[in-house]
Amino acid sequence: PLARLLAAQAPQYDPPLTQAALSFLCPESGICSAEDALSQACDILAEDISDDAENRKRLRSLTSAYGILHVRGTQDAESVYSNYYDFSERISTVADHRILAINRGEREGFLRVGVSVDRDIVLNFLFQRVLHTPQSPASPYITRAIIDSYDRLIAPSIEREVRAALTDRASENAIHVFSDNLRHLLLQPPVKGKNVLGLDPGYRTGCKLAVVDRTG
């Protein structure tokens, strides 16, 4: 109920919020003061902000568009991943082969990878969407909940989702390239200038034959 009271963002409260919060004291749960109760209410609001599907969708889009992929080496010794020991690039432009190489280096313990985005961009979106009555006495608590929601709940989750999407894209493109290369390899004439007959003996289902001509 106290979280709902804050979320209403009334122009004024009677009784004041700090006094209303006294109704929710619960020493057994560690809520021994009005500030404790308001802090717990802010935690509930932070979870609500994080659980909002539209917030997630928009922040994922903003991170993909404006985020930076940061890579750092975890050791001083030279390795095949040395080029990525101090590497940063926009998520929207990083090449697929780099994504796959960075993922391998991270799995093998040579690299530490993170995603960052300008906090002003993401927080401005959340403030515009959530903080609709800036002059309300609840405004400082709503602001606290927004910042906590992004830093503690949303940002780590969005980072995992964005990186998973990058990996999926890179893997799909790699499979396409490999399959295309294999197709060209299989279509090459096996023996230059000759027709080749392939025989697959099968006693139960019968033999199968395939002919590849001199042009493949």
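The values are calculated or read from the model by the stated rules, or taken from the named source; none is laboratory data. Note that the structure is a prediction, hence the values are computed from the model and not measured. Every residue, glycine as well, gets a Cβ built from its backbone with ideal geometry; the counts of neighbours run over all protein chains shown. Quick note on the areas: whole protein, heavy atoms, side chains included, nothing else; ligands and nucleic acids left out. Shrake-Rupley method; radii C 1.70, N 1.55, O 1.52, S 1.80 Å.
Being polar (S, T, N, Q) and over 16 Å from Ser64 (Cβ atoms) is the filter here, so list the residues in the range 157-188 that pass it.
Result: Ser171, Asn173, Ser179, Asn181, Gln188.
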Quick check on the range 62-79: of everything there that is assigned to a helix (DSSP H, G or I) and open to solvent by less than 60 Å² (accessible area, probe 1.4 Å), which residue is farthest from Arg104 (Cα to Cα)? Leu62
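Condition check ((1) touching an Asp or Glu at 6+ places or on another chain (Cβ under 7 Å); (2) over 23 Å from Phe127 (Cβ atoms); (3) surrounded by fewer than 17 Cβ atoms within 10 Å (Cβ to Cβ); (4) of a type in the set (Asp, Glu)) across all residues:
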| position | (1), (2), (3), (4) |
| --- | --- |
| Leu17 | no, no, no, no |
| Leu22 | no, yes, yes, no |
| Cys26 | no, yes, yes, no |
| Asp36 | no, yes, no, yes |
| Glu54 | no, no, yes, yes |
| Leu59 | no, no, no, no |
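To keep it simple, each residue is scored yes or no on (1) more than 24 Å from Ile102 (Cβ to Cβ); (2) in contact with a Lys or Arg (Cβ under 6 Å, 6 or more places away or on another chain); (3) modelled with pLDDT of 90 or more.
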residue: Arg169; (1), (2), (3): no, no, yes
residue: Gln188; (1), (2), (3): yes, no, no
residue: Lys192; (1), (2), (3): yes, no, no
residue: Asp200; (1), (2), (3): yes, yes, yes
residue: Val211; (1), (2), (3): yes, no, yes
Can Leu185 be described as part of a helix (DSSP H, G or I) and open to solvent by 80 Å² or more (accessible area, probe 1.4 Å)? yes
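For every residue, the table says whether it meets (1) surrounded by 15 or more Cβ atoms within 10 Å (Cβ to Cβ); (2) in contact with a strand residue (DSSP E or B) (Cβ under 8 Å, 6 or more places away or on another chain).
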{"residue": "Gly109", "(1), (2)": "no, no"}
{"residue": "Gly114", "(1), (2)": "no, yes"}
{"residue": "Asp120", "(1), (2)": "no, no"}
{"residue": "Gln128", "(1), (2)": "no, no"}
{"residue": "Leu131", "(1), (2)": "yes, no"}
{"residue": "Pro137", "(1), (2)": "yes, no"}
{"residue": "Pro140", "(1), (2)": "no, no"}
{"residue": "Ala145", "(1), (2)": "yes, no"}
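For (1) without any contact (Cβ under 8 Å) to a residue 40 or more places away in the chain; (2) under 22 Å from Ser149 (Cα atoms); (3) part of a helix (DSSP H, G or I); (4) not small (Gly, Ala, Ser), each residue gets a yes or a no:
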position: Arg4; (1), (2), (3), (4): yes, yes, yes, yes
position: Ala20; (1), (2), (3), (4): yes, no, yes, no
position: Glu28; (1), (2), (3), (4): yes, no, yes, yes
position: Glu35; (1), (2), (3), (4): yes, yes, yes, yes
position: Ser39; (1), (2), (3), (4): yes, yes, yes, no
position: Ala46; (1), (2), (3), (4): no, yes, yes, no
position: Asn55; (1), (2), (3), (4): no, yes, yes, yes
position: Glu106; (1), (2), (3), (4): yes, no, yes, yes
position: Gly109; (1), (2), (3), (4): yes, no, no, no
